Amino acid sequence: MRPRAALAAVLLVAALAPELFAAPYAVSDTLGRTLVFQKVPERIVLAGKGTLLLVDAVYLFPGAGARVVGVGATDQGLGDFFPFIDARGKAKARLANSVGPEQVAAIAPDLVILKSYNREKLGNALETVGVPVLYLDLESPEKFYADIATLGALFQQADRARMVTDWYRGRADAVARSVAGAPRPPVLVVQYSARDGQNAFTVPPAGWIQTAIVETAGGAVAWKEAGPGDGWKKIGIEQLAAWDPRYVLIVSYQEASAAVADRLATSATLKGIILPFPADFHSWDQPDSRWILGLEWLAVTLHPDVFPAMDMRGEVTAFYSQLYGIDGATIEREILPRVAGAIARK
């Protein structure tokens with residue numbers, strides 16, 4: 001075969017089967033494990049507790065959703081965002097948060113992405129049967145940035161990963177600079193639940209994203225002395241009062257936090273200091289892609305004089321249009337009404 005003909009044949013094969021010519025590449029996850037891929041995985045499953053946090057991170061990358069074949073629970077209790085970012089979502093296998101390794105393996109994934117706290121209950125069993133698992137953390141801004149870089153490496157979209165992290169860092173840094181010299185009122189973030197007719201309050205570990213949001217927004221973390229921990233810690237109303245916060249931010253993942261705050265506002269301890277943490281489909285306080293909106297909202301709430309021009313409606317619109325490609329009409333109709341009260345300027 002002549003050289004030109006041989007080259008043409010090679011180019012034809014490369015066009016029809018590019019995976020044969022793709023160079024292997026390595027991806028390191030949040031646990032420091034290195035996975036080697038011959039090509040971008042084509043059958044990805046997002047599963048286990050905290051799936052919705054994984055979904056909202058993965059779908060920041062164009063085309064990634066087309067590779068997702070199985071998804072865990074995406075409705076935390078306030079509505080399901082998944083249909084707005086995956087038009088073919090109904091065709092995906094849907095999995096319970098308590099899914100077992102056999103159910104995940106039955107989908108024949110070439111990669112499973114899990115939150116790191118799912119390794120013991122789900123990830124180890126999948127790895128044992130030869131299913132590759134990539135772990136993400138997302139629990140602080142710096143870990144969020146690192147995990148976005150990991151996803152950029154996985155999907156071979158390093159430029160997109162840099163754009164996303166620059167988008168977040170630019171906004172977070174602008175807030176931090178603006179409040180640098182402002183007084184820091186004590187702020188308490190509490191998750192509320194009602195069990196057996198009793199009000200229950202829990203506070204997050206000091207190392208979680210809620211702490212970073214409060215500190216970056218210009219508040220003092222009232223619950224920081226509660227210790228590092230590895231999960232929400234129950235507190236009594238007496239402890240809440242002892243911390244003497246200027247603001248108590250109520251988080252409720254299954255019920256609208258505004259409704260909870262209204263019920264609790266009659267309490268002598270909470271009267272005049274309680275505020276609902278905003279949410280649309282998901283609460284803005286957690287290690288979800290929306291944490292940047294929670295940070296900006298809190299900065300404006302704590303320091304309105306420092307941010308006279310901050311337009312939270314505009315920030316919400318920019319978030320959904322620039323990061324998820326959602327059109328303006330859908331944002332106006334489906335998203336802004338969910339947070340209208342919280343982001344309206346007084």
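FYI, it's all coordinate maths here, none of it is from the lab. Only a predicted model underlies this, so the values are computations on that prediction, with no experimental measurement involved. Cβ coordinates were reconstructed from backbone atoms using ideal geometry, including for glycine residues, and neighbour counts include every protein chain displayed.
Summary table below
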{"read-out": "Relative contact order %, segment 184-343, counting alpha carbon pairs below 8 Å whose residues are six or more apart", "value": "21"}
{"read-out": "Environment charge at L122 (Cβ cut-off 12 Å; Lys +1, Arg +1, Asp -1, Glu -1)", "value": "+1"}
{"read-out": "Beta bridges per DSSP with both ends in segment 15-171, % antiparallel, nearest 5", "value": "30"}
{"read-out": "Interatomic Cα distance distribution for segment 45-189, bins of 5 angstrom, percent", "value": "2, 9, 18, 19, 19, 14, 9, 5, 4, 2, 1, 0"}
{"read-out": "Karplus-derived HN-Hα couplings along segment 25-33 (A = 6.51, B = -1.76, C = 1.60, θ = phi - 60°), whole Hz, x at Gly and Pro", "value": "9, 10, 10, 9, 9, 5, 8, x, 7"}
{"read-out": "Estimated FRET transfer efficiency (A176, T266; beta-carbon r; R0 41 Å; 0.05)", "value": "0.70"}
{"read-out": "Of G77, V190, S28, farthest towards positive along the dipole that unit charges on Lys, Arg, Asp, Glu beta carbons give the chain", "value": "S28"}
{"read-out": "Folded to 0 to 90 degrees: helix 141-154 orientation relative to the chain principal axis, Cα", "value": "20"}
{"read-out": "Contact order relative to length of the chain, as percent, for alpha carbon pairs under 8 angstrom and 6 or more apart", "value": "15"}
{"read-out": "Fully extended contour minus Cα-Cα distance, from R169 to R313, at 0.36 nm per residue", "value": "49.9 nm"}
{"read-out": "Whole-Å distance, taken between Cα centres, linking segment 235-288 and segment 75-144", "value": "30"}
{"read-out": "Net dipole in debye of segment 15-171 [+1 Lys, Arg Cβ; -1 Asp, Glu Cβ; about Cα centre; nearest 20]", "value": "160"}
{"read-out": "Cα-centre dipole for the chain with unit charges at Cβ (Lys and Arg positive, Asp and Glu negative), debye to 20", "value": "460"}
{"read-out": "Rg to Rh, two decimals, where segment 184-343 supplies the alpha carbon set and Rh follows Kirkwood", "value": "0.97"}
{"read-out": "Among Q286, Q191, Q210: highest mean-square fluctuation, GNM of the chain, C-alpha pairs under 10 Å", "value": "Q191"}
{"read-out": "Pair D305, E142: separation of 7 Å Cα→Cβ label points (nm)", "value": "3.3"}
{"read-out": "Within a Gaussian network of the chain (alpha carbon springs, distance under 10 Å), most fluctuating of E296, E120, E42", "value": "E120"}
{"read-out": "Dipole magnitude of segment 184-343 about its Cα centre (Cβ charges: Lys, Arg +1; Asp, Glu -1), debye to nearest 20", "value": "360"}
{"read-out": "Candidates G207, G70, G218, ranked by Gaussian network fluctuation over the chain, Cα under 10 Å, top entry", "value": "G207"}
{"read-out": "22 Å Cα-Cα reach of K271 towards lysines, excluding residues that sit fewer than 8 places from it in its own chain", "value": "K234, K346"}
{"read-out": "Residue pairs, from the table K49/K90; K49/K233; K90/K233, whose Cα atoms sit over 26 Å apart", "value": "K90/K233"}
{"read-out": "The chain, helix-only ellipticity at 222 nm - DSSP H runs n ≥ 4, -39,500 (n - 2.57), divided by all residues, nearest 500", "value": "-10000 deg cm²/dmol"}
{"read-out": "Linear extension gain, K234 paired with E255, 0.36 nm per residue minus alpha-carbon span", "value": "5.7 nm"}
{"read-out": "0 to 90° range, to nearest 10: angle between helix 158-178 axis and the chain longest Cα axis", "value": "20"}
